[in-house]
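Enquirer: This is the structure I have questions about; it appears just below.
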Amino acid sequence: MSDPRQEPEDPRSMHMHQLITADGQRVQDELLDEFVADVDDETLLGLFRDMVEVRRIDVEATALQRQGQLALWPPMLGQEASQVGSVRALEPDDFIFPTYRENGVAYCRGAHLSEVMGVWRGNSNTGWDPYEINVATPQIIIGAQTLHATGYAMGLSLDGKESVAIGYLGDGATSQGDVHESMVFAASFQAPVIFFCQNNHWAISEPVGLQSAVPLAGRAPGYGIPSLQVDGNDVLAVLAAVRWAAARARSGGGPSFIEAVTYRMGAHTTADDPTRYRGVTELEEWGAKDPIARLRVLLQSRGMLDVGAEAEIAAGADAVAAELRQSCISLPDPEPMTIFDNVYVDRHAVLERQRDHYERYLAGFSSAGQGPGAGNGSTDAGTREGSRS
């Protein structure tokens with residue numbers, strides 16, 4: 001195996017690495033091929049199953065939001081290869097710092113569907129336990145998670161660990177100061193961190209061309225960070241690219257930046273109307289590059305995916321969606337006083353005083369049999385939804 005610390009290419013002549021074309025053909029890549037030499041057809045079939053399930057989760061969650069069961073949902077339609085390929089390249093002890101859109105990453109990592117849904121329904125402040133699956137809870141502040149990933153990676157170095165940290169970000173986040181500060185620290189301290197940028201072409205309504213005059217991956221070498229631009233709709237290439245970056249980090253090579261060129265087929269969130277800023281032609285163009293469709297063609301050509309096998313995978317995805325729906329609508333409403341849980345590690349006088357005031361406030365409603373303190377504090381979904389409007 002070649003030295004993973006070696007600079008892969010001159011960023012001034014950067015090109016997009018690819019292993020599976022849009023029409024489902026397996027092609028060679030001098031850098032990436034060795035990092036997927038162990039990937040057989042069964043592994044590819046597993047990646048296909050992951051992507052089908054992640055897409056089905058996204059479709060079901062979007063429907064739940066439209067039906068008033070979720071307050072908001074950030075669609076990941078079209079970005080399945082970037083999410084699945086990247087998370088499947090990591091080891092269990094590697095720590096992930098996601099944005100709010102990496103719900104497919106969390107699912108593949110082992111987060112229960114009820115934990116994924118809770119924050120979007122408004123039943124919890126976070127979701128899963130980060131230390132159970134080594135995934136931080138979703139970060140809403142754009143770019144902030146890259147600071148967390150870099151700090152964690154610096155801690156790994158100080159502790160002599162071989163695991164790595166990965167910080168997910170979108171193309172819009174590259175205009176945030178937090179991201180640039182993260183790359184300065186990561187490069188200066190050779191932190192074992194991967195900056196994984198899903199360039200889905202739209203920072204809400206602003207196109208990526210307004211964010212950067214050069215490929216986003218071309219920015220990182222200015223900080224002393226090697227980078228790759230990879231086809232983000234090619235799950236095999238994404239898998240290889242993250243393995244490349246992880247190998248660099250584990251061998252003392254420091255940080256890497258990966259730009260996964262993909263496309264957000266849905267809205268920024270379900271509160272967004274993308275028809276106001278992009279046209280049908282653009283959607284059709286990227287629809288022809290669909291990450292699931294291209295892997296389907298490759299698997300069919302290798303005799304790994306017939307009608308029966310695909311039907312079985314689709315049925316499994318439907319079962320996941322049914323579990324998601326049931327998990328969502330059966331989530332218990334939080335007790336009012338739990339708002340004080342997990343604010344600080346230890347209780348202190350100021351927090352206790354606030355708890356006492358709020359408890360007496362709620363008691364006033366309970367004695368009248370109505371209002372915030374009545375019963376267990378539960379409301380119907382329609383009331384919850386209206387309160388968020």
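Yes/no matrix, rows are residues, columns are (1) touching a Pro at 6+ places or on another chain (Cβ under 9 Å); (2) modelled with pLDDT of 95 or more; (3) within 20 Å of V105 (Cβ to Cβ):
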site	(1), (2), (3)
A153	yes, yes, yes
Y168	yes, yes, yes
H180	no, yes, no
P192	yes, yes, yes
Q198	no, yes, yes
H201	yes, yes, yes
S212	no, no, no
D234	yes, yes, yes
L239	no, yes, yes
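Enquirer: Output the number of the condition that V54 fails; it satisfies all remaining conditions of (1) free of Cβ contacts under 8 Å to residues at least 60 places away in the same chain; (2) in a loop (DSSP other than H, G, I, E, B); (3) open to solvent by less than 20 Å² (accessible area, probe 1.4 Å); (4) not basic (K, R).
Expert: (2)
Enquirer: Checking the structure you have, find out if any residue of the range 45-54 is within 15 Å of the chain's Cα centre (by Cα) and among the aromatic types (F, W, Y).
Expert: no
Enquirer: While we're on this one: Given the options G252, G287, G224, name the one that is without any contact (Cβ under 8 Å) to a residue 60 or more places away in the chain, over 19 Å from N199 (Cβ atoms) and small (G, A, S).
Expert: G224
Enquirer: For I140, indicate whether it is surrounded by fewer than 18 Cβ atoms within 10 Å (Cβ to Cβ) and touching a residue at least 12 places away in the same chain (Cβ under 8 Å).
Expert: yes
Enquirer: Among the residues of the range 262-281 satisfying the criterion of being touching a residue at least 24 places away in the same chain (Cβ under 8 Å) and assigned to a helix (DSSP H, G or I), which is surrounded by the most Cβ atoms within 10 Å (Cβ to Cβ)?
Expert: Looking at residues that are touching a residue at least 24 places away in the same chain (Cβ under 8 Å) and assigned to a helix (DSSP H, G or I), I get P274.
Enquirer: I'd like to know if the range 212-221 contains one or more residues that are surrounded by fewer than 18 Cβ atoms within 10 Å (Cβ to Cβ) and out of contact with any helix residue (DSSP H, G or I) (no Cβ under 9 Å at 6 or more places or on another chain).
Expert: Taking every residue of the range 212-221 in turn, at least one turns out to be surrounded by fewer than 18 Cβ atoms within 10 Å (Cβ to Cβ) and out of contact with any helix residue (DSSP H, G or I) (no Cβ under 9 Å at 6 or more places or on another chain).
Enquirer: May I ask you to say which residue of F257, F189 is open to solvent by less than 30 Å² (accessible area, probe 1.4 Å), among the aromatic types (F, W, Y) and assigned by TED's automatic domain parsing to the domain that holds Q139?
Expert: F257
Enquirer: Hey, another quick one. Among residues belonging to the range 155-195 that are of a type in the set (D, E) and either more than 22 Å from the chain's Cα centre (by Cα) or assigned to a helix (DSSP H, G or I) (or both), point out the one that is farthest from A260 (Cα to Cα).
Expert: D159
Enquirer: Which count do you get for residues in the range 27-72 that are in contact with an Asp or Glu (Cβ under 7 Å, 6 or more places away or on another chain) and of a type in the set (V, I, T)?
Expert: Adding up the residues that qualify gives 1.
Enquirer: Among the residues of the range 91-115 satisfying the criterion of being touching a residue at least 60 places away in the same chain (Cβ under 8 Å) and among the hydrophobic types (A, V, I, L, M, F, W, C), which is nearest to P332 (Cα to Cα)?
Expert: Per the criteria, the residue is L113.
Enquirer: With (1) within 26 Å of the chain's Cα centre (by Cα); (2) modelled with pLDDT of 90 or more; (3) not basic (K, R) as the list, and L305 as the residue in question, which single condition is left unmet?
Expert: (1)
Enquirer: Only one of (1) within 18 Å of D272 (Cα to Cα); (2) open to solvent by less than 20 Å² (accessible area, probe 1.4 Å); (3) of a type outside the set (K, R); (4) part of a loop (DSSP other than H, G, I, E, B) is not met by L64, so which one is it?
Expert: Evaluating L64 over (1) within 18 Å of D272 (Cα to Cα); (2) open to solvent by less than 20 Å² (accessible area, probe 1.4 Å); (3) of a type outside the set (K, R); (4) part of a loop (DSSP other than H, G, I, E, B) leaves (4) as the failure.
Enquirer: Then there is this: When you go through (1) acidic (D, E); (2) surrounded by 21 or more Cβ atoms within 10 Å (Cβ to Cβ); (3) over 30 Å from Q18 (Cβ atoms) one by one for D159, which number turns out not to apply?
Expert: For D159, the exception is condition (2).
Okay, residues lined up against (1) touching a strand residue (DSSP E or B) at 6+ places or on another chain (Cβ under 9 Å); (2) β-branched (V, I, T):
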site	(1), (2)
G177	no, no
Q190	no, no
F195	yes, no
N199	yes, no
V208	yes, yes
Q211	yes, no
G224	no, no
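Enquirer: Can you tell me which residue among G118, G127 is part of a helix (DSSP H, G or I) and either open to solvent by less than 60 Å² (accessible area, probe 1.4 Å) or closer than 20 Å to R88 by Cβ (or both)?
Expert: The unique qualifying residue is G118.
Enquirer: Still on this model: Kindly indicate the residue of the range 292-346 that is in a helix (DSSP H, G or I) and of a type in the set (S, T, Y) and also least open to solvent (accessible area, probe 1.4 Å) among those meeting that condition.
Expert: Among those residues, the one meeting the criterion is S327.
Enquirer: Condition check: in contact with a Pro (Cβ under 6 Å, 6 or more places away or on another chain), open to solvent by less than 30 Å² (accessible area, probe 1.4 Å) and hydrophobic (A, V, I, L, M, F, W, C). Does A81 satisfy that?
Expert: For A81, the condition - in contact with a Pro (Cβ under 6 Å, 6 or more places away or on another chain), open to solvent by less than 30 Å² (accessible area, probe 1.4 Å) and hydrophobic (A, V, I, L, M, F, W, C) - is met.
Enquirer: Is it the case that some residue within the range 33-42 is modelled with pLDDT under 95 and touching a helix residue (DSSP H, G or I) at 6+ places or on another chain (Cβ under 8 Å)?
Expert: no
The values are calculated or read from the model by the stated rules, or taken from the named source; none is laboratory data. On a predicted model such as this, the values are computed, not experimentally measured, just so you know. Neighbour counts are summed over all protein chains in view; Cβ atoms, including those assigned to glycine, are modelled from backbone coordinates with ideal geometry. Areas reflect the complete protein model, heavy atoms only, side chains present, ligands, DNA and RNA absent. Shrake-Rupley method; radii C 1.70, N 1.55, O 1.52, S 1.80 Å.
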